[in-house]
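Participant: Before I ask anything, let me first share the structure, which is written out below as structure tokens.
The values are calculated or read from the model by the stated rules, or taken from the named source; none is laboratory data. What you are looking at is a predicted structure, and each value in this text was computed from that prediction instead of being measured. Cβ atoms come from the backbone with ideal geometry, glycine included; neighbour counts cover every protein chain shown.
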Amino acid sequence: MYLTRDEEKALNGEFGEAVKKAMELLVALGEVLGADRLIEVKSVHISGVSYRNIGDAGLEFLEDLVNLGAKVKVKATVNPAGMDLRRWRDMRISKPFAKKQLMVVRCFSKMGVENTFTCTPYLASNKPLAGDHVAWAESSAVVFANSVLGARTNRESGFSALASALTGKTPFYGLHIDSLREPTLHVKLNFKPTNASEYSLLGYMVGMKADEVISVDAEVVKVPTDYLKAFSAGLATAGRVAMFRSDQRAREKISIDYQDFKRLKEQIWLREEDIDYAFIGCPHTSITELEEVAILLKDRKVKDDVALWIFTSRHTYRKAVRKGIVQVIEKSGAKVFKDTCMVVSPLDEMGIRNVVVNSAKAYHYIKNSFPNIKAYFADLKTLIAAVVESG
């Protein structure tokens, strides 16, 4: 791999031990993946923020970097933590977990990372322009960045994204290269989903069958941003997809029939069972989605034996408070949390038995990460109707 003089200096430790470790990781990664050089990135988005995901080993790694003087060189934002950083007691988070989570947060802050704590950085302070090279680790945001924003990023790990933040570099391979952004598969539909939840489920179906770059019919993706956000998350959850395009240049084609879609939907759809919890916000809800939730909950009351939690970013939360949206939602008995989401929280410590979500991504991760919890899927209106008092 060709390295510039400054990159060689970084690799030799002339810019500090933290930068050296980061450069070693990126060079090793680039050599394995066939990159001929490193390129500069405009921004980074880092995953591996929840203490539930990284544990003591991850915390120790971050503390070591801080002690080595690690500082980010480009705009860097972070994924959700394992709890609302202010209202963690309302989430029934234990004190030991909260203590460790706050230690993780302090490490990122000391390195100069922006405290965004969201899986939708493009709705907060990190929205790259078309053609920008970035290094993002959150899989749903990667798909959105490549497909909707026209930025260029591979599906980074939390470690490689952090290394890019400390160096401002990433290996030049994969979706940074024009020829590798061409679709390998075209997905033909004979139907069009009607809401964000259905787009989430469609993405999940397609992701099971597809490779890294796919194409879909243009009319499928001429929809509101929230639908594309949900579609991106579904695609990334089930497989390796990192980008979709609205053209038909792919030689290989598959069709997804409505009956197949309906069959999957019915398999995971909400049953007539007692629901303990209902979760909305995977990916984090936008201001438009919070407004929709507020409309559905206005003058309604959440059942006493059910917890309805909505997750969003602190950026969107502040907007929603100013507009009175959070107040309407919480008047119903629901709670709006920020900085976290259900799939990176310690749900197994909360005594949850049955949960309903309006996201295929949330369904997938709860089902596979928490075997003692029964997960169900529903669209937003059905979910809310199931947890509010009748009449």
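Participant: Hey, among the residues in segment 59-111 that are polar (S, T, N, Q) and surrounded by 22 or more Cβ atoms within 10 Å (Cβ to Cβ), which one's farthest from residue 345 (Cα to Cα)?
Facilitator: Across segment 59-111, the extreme among qualifying residues is 77.
Participant: Another one. Only one residue in 313, 332 is more than 23 Å from the chain's Cα centre (by Cα), at pLDDT 95 or above, within 23 Å of residue 88 (Cβ to Cβ) and of a type in the set (S, T, N, Q), so which one is that?
Facilitator: Criteria check complete, one pass: 332.
Participant: Which residue pairs have Cβ atoms under 8 Å apart, sit 6 or more places apart or on different chains, and have a first residue in segment 259-272 that is within 18 Å of residue 385 (Cβ to Cβ) and a second that is modelled with pLDDT of 95 or more and of a type in the set (D, E, K, R)?
Facilitator: 265/198
Per-residue answers, yes or no, for (1) over 24 Å from residue 281 (Cβ atoms); (2) within 21 Å of the chain's Cα centre (by Cα); (3) charged (D, E, K, R):
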| site | (1), (2), (3) |
| --- | --- |
| 54 | no, yes, no |
| 64 | yes, no, yes |
| 70 | yes, no, no |
| 82 | no, yes, no |
| 85 | no, yes, no |
| 96 | yes, no, no |
| 103 | yes, no, no |
| 122 | no, yes, no |
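Participant: To continue, here is another question. Return yes or no: is residue 327 over 30 Å from residue 217 (Cα atoms), modelled with pLDDT of 95 or more, part of a helix (DSSP H, G or I) and not charged (D, E, K, R)?
Facilitator: yes
Participant: Separate question: Between 194, 184, which is in contact with an Asp or Glu (Cβ under 6 Å, 6 or more places away or on another chain) and surrounded by fewer than 21 Cβ atoms within 10 Å (Cβ to Cβ)?
Facilitator: 184
Participant: Any idea which of (1) assigned to a helix (DSSP H, G or I); (2) touching a Leu at 6+ places or on another chain (Cβ under 7 Å); (3) touching a residue at least 24 places away in the same chain (Cβ under 8 Å) is the one residue 70 doesn't satisfy?
Facilitator: (1)
Participant: Looking only at segment 164-188, filter to residues that are over 24 Å from the mean Cα position of the chain (by Cα) and assigned to a helix (DSSP H, G or I); which one of those is nearest to residue 149 (Cα to Cα)?
Facilitator: 178
Participant: Please state which one of 367, 361, 381 is charged (D, E, K, R), in a helix (DSSP H, G or I), modelled with pLDDT of 95 or more and surrounded by 18 or more Cβ atoms within 10 Å (Cβ to Cβ).
Facilitator: 361
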